[in-house]
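These notes concern the structure reproduced below.
The values are calculated or read from the model by the stated rules, or taken from the named source; none is laboratory data. Because the structure is a prediction, the values reported are computed rather than measured. A quick note on method: Cβ atoms are made from the backbone with ideal geometry, for glycine too, and the neighbour counts reach across all protein chains shown. Calculation scope for accessible area: heavy atoms of the full protein, side chains included, ligands and nucleic acids excluded. Shrake-Rupley method; radii C 1.70, N 1.55, O 1.52, S 1.80 Å.
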Amino acid sequence: MKDLKNSKLLFWGAILLVFIINVLQGFLTELLPDESYYWIYSQDMDWGFFDHPPLVAVWITISDFLFTNEIGVRFFSAISFSALIYIVWKTIDHPKKKEYTWLFLLVIFSTALLNVYGFITTPDTPLMLFCALFLYAYKEYLLKKNTWSYFLLSISIAGMMYSKYQGILIVAFVFLSNIKLVKDYKLWLVCLGALLLYTPHLYWQWTHDFPSFRYHLQERVSNRTYKFEHTLMHFVNMIAIIGLTFPIVYKAFFKNIKTKNLYNRGLNFIILGFLIFFFFSSFRGRVQAQWIVPISIPLILITYNYIIDREKAQKWFVRLAFINIAIILFARVLMFSEGILPVKLNTHGNEAWALELKSKTQGQKKIFINSYQNAATYWYYAKEETYYMKNFTGRNNHFVLMQKGEDISNKKTALISRNRLDYTDFTTHIRGKDSAYTTVINNFKDISQLRMKILQDSIVLKKDSVNTLLIEIENGFDRAVFFEEFDLFLGFQKFKKHEKVTIKVGLLTDGKSIQGNETQKAFIFFTADSLPDFSTYPTLGLGINNSKKIDLLRTSKLYKYSIVD
C-alpha cells in the first residue's frame with residue numbers, strides 16, 4: 001500500500017481515471033450558456049472575438065473535429081487539464097516529492113474551481129494550462145537560464161494572452177516580485193517574441209476598432225456605483241475557488257509571505273496581486289470567482305510544500321480534502337442529473353426549451369432581445385442561426401460584431417425576450433423564474449444598425465423647459481433609413497434594474513433620411529413637465545423603436561447627467 005501511494009502507477013493511473021471521468025462528464029452534461037456562446041466563436045474562426053482572445057475557440061474547434069454533441073465542445077479541455085496536472089507536478093522540486101505523490105493528487109483534486117476546467121470549455125480553460133506552463137518555465141529560468149526556459153516563457157506568455165487578457169497580470173506580478181529581471185536582455189527578447197506571436201490578435205483588434213478593450217475598459221465599468229455586496233462577494237470567491245481546505249491553504253500562503261526564495265516570492269506576488277487588483281475592481285462592479293482562479297496553481301504549489309513537512313497540518317488537510325472531493329463529486333453529478341434537487345442548474349433543460357421554441361416558431365427568424373446566452377444556446381441545440389438586439393439593460397457582445405451591417409428584416413420574425421411584454425404571444429419556460437417570451441411580428445423592419453451618441457461633454461437638463469441636445473447618428477446599413485421609420489426616446493435608467501422612464505423626443509435634421517454607411521449630426525429636443533428623480537435614475541441613453549410590439553432598443557451608451565431648476 002505504501003508503494004502504491006508514491007508510485008508512478010498511482011500518478012498516471014489517477015490522471016487517466018480523472019481524464020475518463022472528465023470525458024464522461026463532458027458527454028453527459030448539457031452545455032453552460034457561456035459554453036454555447038463560445039461555440040458560436042468557433043463557427044467563424046478568427047484572430048479575435050468581441051469579449052475574448054481566440055484560444056477558447058481553438059479548444060472547441062479541436063474538440064469538434066474529433067467528436068459531436070457536447071463532448072465536441074469539451075474533449076480537448078479534458079486533455080489540457082491532464083497536461084496541467086503533469087506540468088504542475090513537474091514544477092515541484094521538493095526532495096520528498098515522490099514519497100508524497102498521493103498528497104499532491106489530493107491537493108490538486110480537492111481544489112474546487114480548478115477541477116471544473118477539466119470538463120467545461122471557457123477562456124479560463126486554456127488560461128490555466130498556460131499559467132501552469134509559465135510557472136514551470138519561470139522555475140526553469142531561475143535554475144538554468146537555458147534556451148528551453150526562454151522559449152517556454154515566450155510561448156506561455158503568448159498562450160496566456162491568447163486565452164484571456166488577465167494573463168498579463170500574471171506576467172506583471174512576477175516581474176514586480178523580481179525587478180532584477182529587467183536586466184536580462186534575453187527576457188526582453190522573450191517579451192518581443194510573445195508580442196510577435198500576439199500581433200495577429202492586436203491587428204484584429206485594430207481592424208475592428210478595439211472592441212474587446214473598449215468593452216472591458218469602458219463599457220463594462222462605465223456608470224457603475226459602489227455596492228458593498230460586490231466587495232463582500234470578492235472575499236466569498238477567495239474561499240469558493242478553494243473549498244473547505246481554505247483555512248490550511250491560506251495559512252500556508254501567509255506562512256510563505258516572508259520567503260526570500262525568488263520563485264516563491266513570485267507565487268506570493270501573483271496571489272496578492274490578483275486579490276488586491278480585484279478587491280479594488282469590486283468598487284466598480286460585480287467580480288466573478290473565475291477572475292481570481294489563476295491563484296489556484298500558486299496556492300497548490302505553496303500548500304503542497306507546506307503540508308508535506310507538517311504532520312498536523314497534513315492530517316487536517318487530508319480530512320478536509322476528502323470532504324471537499326465528496327462535495328465536488330456530488331456537485332458534478334447534479335450538473336448532469338436533473339431531478340435530484342428541486343432546483344434546476346444552468347446545465348439542465350437547455351436542449352428541451354430550445355427544441356420546444358423551435359417547434360413553435362417554424363420558418364421564423366429568431367431575434368433574442370437582451371440575452372446573447374439564450375441566443376447561443378438556442379443556436380447550438382436547435383441548429384438554427386439566431387440574432388441579437390439589446391434594450392436598455394443589454395450589453396454589446398459578439399453577436400453585434402457578427403451582425404454588423406446586416407439587415408435582418410424579415411416577413412415573419414419571432415422576437416424573444418426574457419421579460420413579458422404587453423404583446424407577448426406565447427411563453428417557453430427555461431428554468432426557475434427564467435422564461436423566453438415570444439412576440440411574432442409580421443413584416444419586421446430592422447433598425448438595429450442605427451447608432452447614436454450625445455456630443456455634449458456634460459449633459460445638464462432643465463426642469464419645465466425645452467431641452468436641446470446635439471447628437472450624432474450613424475447608419476450601419478447599406479440602405480437609407482428614413483427618420484419617419486422610427487420613434488426616438490430618451491430613456492432614464494435605474495442602476496442594474498429593468499425599470500426605466502422614457503420621454504419621447506423630437507428630432508431636428510437637415511433631411512428626411514440618412515444614407516447607408518453615413519454619419520450626420522442632428523438635434524433632439526423635448527419638453528418635460530417633470531424629469532425623473534436623479535438619485536433613482538442616474539443614467540440616460542437614446543433608444544428607438546418602430547412598433548408597439550418591440551421593446552425600446554438602446555442605440556447609445558449610457559451617460560451620466562445632472563438636473564437644474
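Considered as an equivalent ellipsoid built on the Cα gyration tensor, the chain has semi-axes of 47, 27, 22 Å, the largest given first.
Between Thr427 and Lys462, the modelled labels are 4.7 nm apart [label points 7 Å from Cα along Cα→Cβ].
Grab the other residues whose beta carbon is less than 14 angstrom from that of Thr91, score K and R as +1, D and E as -1, and report the net. List each step's numbers first, then the result.
Values: positive: Lys90, Lys97, Lys139, Lys144; negative: Asp93, Glu140.
So the surrounding residues net to +2.
In the full protein context, the range 22-160 carries 33 Å² of accessible surface per residue, based on a 1.4 Å probe and ignoring ligands, DNA and RNA.
Equivalent-ellipsoid semi-axes for the range 447-565 (Cα gyration tensor, √(5λ), whole Å, largest first): 24, 16, 13.
Taking 0.36 nm per residue of sequence separation and removing the Cα-Cα distance, the Gln218/Asp529 pair yields an extension gain of 108.6 nm. Of the trypsin sites (Lys or Arg not before Pro) found in the range 65-99, those that fall in a DSSP loop while having at most 13 other beta-carbon atoms within 10 Å are Lys96.
Computed from label points 7 Å out along Cα-Cβ, the spacing between Leu355 and Arg479 is 3.7 nm. Think of each Lys and Arg Cβ as +1 and each Asp and Glu Cβ as -1; about the Cα centre, that makes the dipole of the range 24-113 roughly 700 debye. One chain, two ends: Lys251 and Glu518. Fully extended at 0.36 nm per residue, the span grows by 90.0 nm beyond their Cα-Cα distance. Positive end of the dipole of the chain (Cβ unit charges, origin at the Cα centre): among Thr539, Tyr150, Trp379, the Cα lying farthest that way belongs to Tyr150.
Restricting the calculation to Cα atoms, every distinct pair contributes to the Kirkwood radius of the range 250-405, found to be 20.2 Å. In percent, what relative contact order does the chain have, based on Cα pairs under 8 Å that are 6 or more apart in sequence? Averaging sequence separation for qualifying contacts and normalising by length gives 12 percent for the chain. Report summary: the helix-based calculation at 222 nm, which adds -39500 (n - 2.57) for every DSSP H run with n ≥ 4 and divides by the residues of the chain, gives -15000 deg cm²/dmol.
With the full set of protein chains in place, find how many percent of the accessible area of the range 12-144 is carbon and sulfur; take the probe as 1.4 Å.
Carbon and sulfur: 67 percent of the exposed surface of the range 12-144.
Can you tell me the relative contact order of the range 92-170? Whole percent, Cα pairs under 8 Å, sequence separation 6 or more. Intermediate results must be reported in sequence, preceding the final value.
On the way: 47 pairs, mean separation 21.7, N = 79.
This gives 27 percent for the range 92-170.
Dipole magnitude for the chain: computed about the Cα centre from +1 point charges on Lys and Arg Cβ and -1 point charges on Asp and Glu Cβ, it is near 2140 debye. Highest-first packing order for the peptide set 121-130, 527-536, 391-400 is 121-130, 391-400, 527-536, based on the mean count of other beta carbon atoms within 10 Å. For the range 46-204, a/c is not less than 1.5, where a ≥ b ≥ c are the root eigenvalues of the C-alpha gyration tensor, and a/b does not top b/c. That puts it in the oblate class. In the context of the full set of protein chains, residues of the range 250-298 present 47 Å² of accessible surface per residue (probe radius 1.4 Å, heavy atoms only).
Would you be so kind as to identify all helices of the chain, as entire DSSP H runs, whose Cα atoms reach 20 Å or more along the helix's own axis and whose mean Kyte-Doolittle hydropathy is at least 0.5? In the chain, the long hydrophobic H runs are 8-28, 71-91, 124-144, 147-163, 185-207, 262-281, 311-336. Against the empirical 2.2 N^0.38 Å (N residues), the range 153-282 has a Cα radius of gyration ratio of 1.25.
Net charge in the neighbourhood of Phe279 (other residues with Cβ under 15 Å of its Cβ; Lys, Arg +1, Asp, Glu -1) is +2.
Quick one: grab the alpha carbon gyration tensor of the range 108-177, order the square roots of its eigenvalues as a ≥ b ≥ c, and give me rounded if a/c is under 1.5, else prolate or oblate depending on whether a/b is larger than b/c. Prolate.
The distance between label points at Ile21 and Lys186 comes to 4.1 nm (points 7 Å beyond Cα on the Cα→Cβ vector). Net charge in the neighbourhood of Glu406 (other residues with Cβ under 10 Å of its Cβ; Lys, Arg +1, Asp, Glu -1) is -2. Debye sum, Cα scatterers, the range 33-113, no solvent: what log₁₀ I/I(0) at q = 0.12, 0.21, 0.25 1/Å? Results for the range 33-113 at q = 0.12, 0.21, 0.25 Å⁻¹ read -0.49, -0.92, -1.12.
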